[in-house]
Amino acid sequence: MSQSAASPDRRQVVTPTRVVAGLCLIAPFVAMLWVSSYARIEPTFIGIPFFYWYQMLWVLISTALTTLAYKLVQREQRARKGGAAQ
């Protein structure tokens, strides 16, 4: 009645691609939660204290990392379905 967890038609849930995608998604949280690493004024960038421009830089970095994670998972899903990767 129930299928074995190790049946040959089941694929791995945790793959290296998904681990990399997960790390891409976790990195911004770790960077923002580690406040002591950026809780300072110097160095300034065009008159903006480090505390502020560091956080704004992570908005851009987070966007890039989220896009990368999405593309990695999307490519893996296409490969699992047997489709051609773009």
Report task. Hey, can you tell me all the residues within segment 47-86 that are within 12 Å of the chain's Cα centre (by Cα) and small (Gly, Ala, Ser)? Result -> Ser62, Ala64, Ala69
Requested in this report: Just need a number here: residues in segment 43-61 that are hydroxyl-bearing (Ser, Thr, Tyr) and either at pLDDT 95 or above or open to solvent by 50 Å² or more (accessible area, probe 1.4 Å) (or both).
Outcome: 2
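The values are calculated or read from the model by the stated rules, or taken from the named source; none is laboratory data. If you're wondering where the values come from, they're calculated on a predicted model, not measured in any experiment. Just the protein is used for accessible areas: all its heavy atoms, side chains included, with ligands, DNA and RNA removed. Shrake-Rupley method; radii C 1.70, N 1.55, O 1.52, S 1.80 Å.
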